[in-house]
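The values are calculated or read from the model by the stated rules, or taken from the named source; none is laboratory data. Please read all numbers here as calculations on a predicted model, not as lab measurements. Cβ placement follows ideal geometry from the backbone for every residue including glycine, while neighbour counts extend to all protein chains displayed.
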Amino acid sequence: MSEPFYITTPIYYVNDVPHIGHAYTTVCADAIARWHRLSGRDVKFLTGTDEHGQKVSQAAAKLGRTPQEHCDITVQRFLELWQRLDIRYDDFIRTTEPRHATVVQGYLQQLWDQGLIYPDDYSGWYSTSAERFWTTQEVATAAGCTDADITSGKVPPLCPDSGTSLEWLTERNYFFRMSNYRDALLAHIDAHPGCIQPDHRRNEVLGFLRKELGDLCISRPKARLSWGIPLPFAPDYVTYVWFDALTNYVSALGTERQRYWPANVQMVGKDILTFHTVYWFSMLFALGLQPPKQVYAHGWWLMKKTKMSKSLGNVVNPNTLLDRFGSDALRYFLLREIPFGYDGDYSHESFILRFNSDLVNDYSNLVHRVGKWAHLPLPALGALTEGDAEFLAICERSVATFRREFEALQFRQALDGLWDIVRAGNKFVDTEAPWALAKAGNQTRLGQVLRIVFEAQRIVASHLACVLTQSSVEVLSRLGLSAPDLRVAFSVLPEGTVVKTGNPLFQRVDPAVEVPALDGPAEPRATLIPPAKLESPVSEPLPELPLITYDDFAKVGLRVGKIVAAARIPKADRLLQLQVDVGEEQPRQIVAGIAKVYEPEALVGQRVIVVVNLAPVKLRGVESQGMLLAGGGSDVASLLTTLHDLPPGSVVK
Ligand code: MSP
């Protein structure tokens with residue numbers, strides 16, 4: 001049986017609306033899980049939702065629902081998002097499931113029986129919003145004053161997390177003897193430095209442990225918080241949310257605990273590192289279980305240097321990006337953009353920049369530029385020229401980097417390493433110039449060049465299968481493969497293979513249009529019909545064009561136009577009949593061959609560029625008084641729509 005690999009994400013608060021921060025941890029864990037599956041490991045990938053606590057019951061009450069009804073509704077947001085992001089988890093745990101509550105109660109009873117839980121009176125500053133007690137020292141430190149300022153009432157006590165006012169409460173609670181485990185924790189971390197990563201995060205935990213370690217309050221009186229798992233030995237109390245939540249990583253395993261525990265990687269954001277190391281490891285020690293092999297704390301996605309969070313209202317909704325760019329683009333961006341373990345700033349500009357440069361210009365281009373000759377059956381691999389051998393060596397180096405970095409969770413470095421093949425592949429095509437070989441009738445060399453480029457596509461798409469989950473399947477199937485093949489060689493595709501062509505994997509977008517649209521569409525956006533409906537690739541070698549003078553060019557009257565109406569023309573499946581405002585008294589009627597790529601409704605409001613002095617013609621009986629500029633090959637792929645801010649009639653030159 002293959003080696004087990006168990007990976008987890010935090011379980012997200014079910015009440016929250018997921019943003020790209022949540023998507024980040026889950027995409028990273030999914031990519032690693034997919035990679036290990038690809039490498040033949042027996043993978044278990046767990047994610048889920050944290051469903052207890054006062055906030056959930058309050059939100060439910062406001063909406064007139066029971067807490068369970070509320071959870072059942074809000075959990076859908078996570079389930080749907082994971083589906084859209086192509087997250088392939090093996091299990092999804094909800095802390096309101098009986099399978100979880102049973103384990104939590106079993107563990108509590110065990111610790112109680114072992115004398116590791118005891119009741120005591122506790123006094124402290126209670127924060128309703130953070131659902132926790134703070135010590136006077138913590139409150140004073142956050143307020144930048146002395147303890148006496150707080151106790152004397154000179155400075156009002158405020159919650160260090162939420163800034164809301166605090167109440168001094170004394171109540172009887174139950175405590176877990178966490179202080180027993182300080183030495184064991186230090187010894188374990190010392191003996192297994194890899195168990196908390198990156199190194200700077202481990203040092204933070206060690207810093208925390210240098211101070212005295214107190215016991216952990218693990219209960220809340222039911223009178224104050226009813227939505228939780230009752231303590232089996234004190235039914236008037238429920239379990240503190242973190243004790244409940246952390247247990248999910250083991251409760252989800254059920255009878256498979258022997259096989260998968262301890263987890264190989266527990267991925268968390270740096271905000272919950274102490275819970276996942278100090279609290280979690282001590283709980284496991286007390287229960288006689290091993291701590292996870294590794295807790296990896298990644299950094300935060302920031303917006304203008306501030307943590308993206310719902311309470312600050314600066315979140316990016318992943319669905320907006322998914323609607324327009326699809327899951328591959330978002331998955332790639334999240335993994336590629338920031339070094340894993342560090343914070344990074346999000347902006348739509350950087351998203352689009354990476355999309356256009358890495359996915360469109362580099363990867364999609366490599367896949368499409370040889371599509372023209374795909375119908376030629378691939379010959380067997382011939383003797384390698386110096387250039388062929390050099391390219392193969394790049395592929396070998398690049399794949400080695402990818403593997404090493406990906407397994408070390410350094411996604412950015414891994415993808416950048418793999419892109420060496422993409423960049424070198426594009427250079428290889430430039431140098432070998434298949435169009436020139438075809439023109440010269442050099443079929444032998446053309447065949448070899450094509451085989452090498454298609455093999456490079458296979459190597460890249462196979463390794464990318466854990467990141468670009470959709471387009472990798474597409475590229476591999478065009479190459480006749482039903483599964484990734486990770487071999488680094490130019491002789492894998494069978495002789496005689498006829499590669500299928502298709503539409504561009506990714507198409508360039510205009511940041512001047514997309515950035516405002518992502519911020520909230522001020523004007524309707526033209527939506528492309530999915531590229532599957534396009535028939536030909538759009539990148540072609542430049543034909544030899546005669547030089548023209550500026551005067552020749554100036555003869556073309558180019559103006560900004562605004563589409564004010566659009567309709568299909570009966571029995572003409574390529575044509576749309578448009579009314580375009582070009583700054584004249586009446587809109588012009590223009591017939592454009594764009595019906596295969598644009599829905600008429602989506603075009604209304606678009607700014608386009610119009611040739612206004614073209615002699616009118618009749619197309620299918622409808623007069624066309626101009627022409628729209630568009631990009632693409634024999635089939636239009638995209639209208640030129642960049643001048644969205646200029647008024648109709650503005651000169652273009
Ligand atoms: N329910 C607890 C976790 C319990 S685990 C036993 C919780 N939930 S949460 O919904 O707030 O999710 C926190 C996690 O979401 C972070 O640890 C991180 O994985 C992810 N992120 C939330 N905001 C984030 C950013 N702005 N940036 C990166 N990741 C972020 O805490």
Quick check on ALA148: is it closer than 21 Å to PRO230 by Cα, hydrophobic (A, V, I, L, M, F, W, C) and without any contact (Cβ under 8 Å) to a residue 60 or more places away in the chain? no
Considering only region 614-632, how many residues are without any contact (Cβ under 8 Å) to a residue 40 or more places away in the chain, surrounded by 16 or more Cβ atoms within 10 Å (Cβ to Cβ) and part of a loop (DSSP other than H, G, I, E, B)? 1
If we ask which residues in region 229-254 are farther than 17 Å from PHE5 by Cα, in a loop (DSSP other than H, G, I, E, B) and either within 16 Å of the ligand (Cβ to nearest atom) or of a type in the set (Ser, Thr, Tyr) (or both), their number turns out to be 3
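Conditions (1) at pLDDT 95 or above; (2) within 25 Å of GLN290 (Cα to Cα); (3) of a type outside the set (Val, Ile, Thr); (4) out of contact with any His (no Cβ under 6 Å at 6 or more places or on another chain), marked per residue:
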{"residue": "PRO221", "(1), (2), (3), (4)": "no, no, yes, yes"}
{"residue": "ARG224", "(1), (2), (3), (4)": "no, no, yes, yes"}
{"residue": "LEU231", "(1), (2), (3), (4)": "yes, yes, yes, yes"}
{"residue": "PRO235", "(1), (2), (3), (4)": "no, no, yes, yes"}
{"residue": "TYR240", "(1), (2), (3), (4)": "no, yes, yes, yes"}
{"residue": "THR247", "(1), (2), (3), (4)": "yes, yes, no, yes"}
{"residue": "GLY254", "(1), (2), (3), (4)": "yes, yes, yes, yes"}
Hits in region 1-46 - residues which are in contact with a Pro (Cβ under 7 Å, 6 or more places away or on another chain) and of a type in the set (A, V, I, L, M): ILE20, ALA23, LEU38
Taking region 300-313 as the search range and keeping residues that are in contact (Cβ under 8 Å) with a residue 12 or more places away in the chain and either touching a Pro at 6+ places or on another chain (Cβ under 8 Å) or assigned to a helix (DSSP H, G or I) (or both), which one is nearest to the ligand (Cβ to nearest atom)? LYS310
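Before we move on, is THR320 hydroxyl-bearing (Ser, Thr, Tyr) and touching a residue at least 60 places away in the same chain (Cβ under 8 Å)?
Numbers: hydroxyl-bearing (Ser, Thr, Tyr): yes; touching a residue at least 60 places away in the same chain (Cβ under 8 Å): yes.
Considered against the rule, which asks whether it is hydroxyl-bearing (Ser, Thr, Tyr) and touching a residue at least 60 places away in the same chain (Cβ under 8 Å), THR320 comes out as yes.
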Has region 592-605 got at least one residue that is within 15 Å of GLY557 (Cα to Cα) and either at pLDDT 85 or above or aromatic (Phe, Trp, Tyr) (or both)? no
Hey, does region 182-189 have a residue that's without any contact (Cβ under 8 Å) to a residue 60 or more places away in the chain, under 22 Å from TYR118 (Cβ atoms) and surrounded by 18 or more Cβ atoms within 10 Å (Cβ to Cβ)? no
From the list PHE175, PHE208, which one is in contact (Cβ under 8 Å) with a residue 40 or more places away in the chain and assigned to a strand (DSSP E or B)? PHE175
Residue count, region 257-299, condition within 12 Å of the ligand (Cβ to nearest atom), outside any loop (DSSP other than H, G, I, E, B) and not polar (S, T, N, Q), comes to 16
Count - residues of region 567-593 that are under 11 Å from VAL608 (Cβ atoms) and in contact with a helix residue (DSSP H, G or I) (Cβ under 8 Å, 6 or more places away or on another chain): 1
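If only one of VAL43, VAL27, VAL56 is more than 8 Å from the ligand (Cβ to nearest atom), over 25 Å from GLN470 (Cβ atoms) and surrounded by 20 or more Cβ atoms within 10 Å (Cβ to Cβ), which one is it? Full working, then the answer.
Numbers: VAL43 fails: over 25 Å from GLN470 (Cβ atoms); VAL27 fails: over 25 Å from GLN470 (Cβ atoms).
The unique qualifying residue is VAL56.
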Residue count, region 122-137 (criterion: loosely packed, with under 15 Cβ neighbours inside 10 Å and part of a helix (DSSP H, G or I)): 1
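Can you give me the ranges of the helices (runs of 4 or more DSSP H) entirely in region 29-121 with at least 2 residues that are of a type in the set (Ser, Thr, Tyr)?
Values: elements: 54-62, 67-84, 98-113.
Hits in region 29-121: 98-113.
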Would you please list the contacts, defined by Cβ atoms under 7 Å and residues six or more apart or on different chains, that run from a residue in region 49-62 that is small (Gly, Ala, Ser) to a residue that is assigned to a helix (DSSP H, G or I) and surrounded by 19 or more Cβ atoms within 10 Å (Cβ to Cβ)? GLY53/VAL241; SER57/PRO67; ALA59/HIS70; ALA60/PRO67; ALA60/HIS70
Just checking, how many residues over region 564-583 are touching a Pro at 6+ places or on another chain (Cβ under 9 Å) and either in a strand (DSSP E or B) or at pLDDT 90 or above (or both)? 12
Within region 101-128, considering residues that are touching a helix residue (DSSP H, G or I) at 6+ places or on another chain (Cβ under 8 Å) and of a type in the set (Ser, Thr, Tyr), the one modelled with the lowest pLDDT: THR128
Name, by its number, the condition in (1) under 19 Å from the mean Cα position of the chain (by Cα); (2) within 20 Å of VAL14 (Cα to Cα) that does not hold for PHE243. (1)
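Among the candidates ARG34, ARG94, which residue alone is away from the ligand (no atom under 16 Å from the Cβ), in contact (Cβ under 8 Å) with a residue 40 or more places away in the chain, among the basic types (Lys, Arg) and surrounded by fewer than 23 Cβ atoms within 10 Å (Cβ to Cβ)? Break it down stepwise before answering.
Working: ARG94 fails: away from the ligand (no atom under 16 Å from the Cβ).
It is ARG34.
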Could you grab me the full set of residues in region 10-24 that are crowded, with 24+ Cβ neighbours inside 10 Å, near the ligand (Cβ under 6 Å from one of its atoms) and in a loop (DSSP other than H, G, I, E, B)? none
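For region 467-502, which residues satisfy the criterion of being on the phi < 0 side of the Ramachandran plot and small (Gly, Ala, Ser)? Let's see the steps before the verdict.
Our first condition is that a residue be on the phi < 0 side of the Ramachandran plot; within region 467-502, this holds for 467-479, 481-495, 497-502.
Across region 467-502, the qualifying residues are SER471, SER472, SER477, SER482, ALA483, ALA489, SER491, GLY502.
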Residue selected from region 393-447 under the condition in contact with a helix residue (DSSP H, G or I) (Cβ under 6 Å, 6 or more places away or on another chain) and of a type in the set (Phe, Trp, Tyr), by the criterion surrounded by the fewest Cβ atoms within 10 Å (Cβ to Cβ): PHE428
Residue match in region 259-268 (condition: surrounded by fewer than 18 Cβ atoms within 10 Å (Cβ to Cβ) and either modelled with pLDDT under 95 or within 27 Å of GLY344 (Cα to Cα) (or both)): no
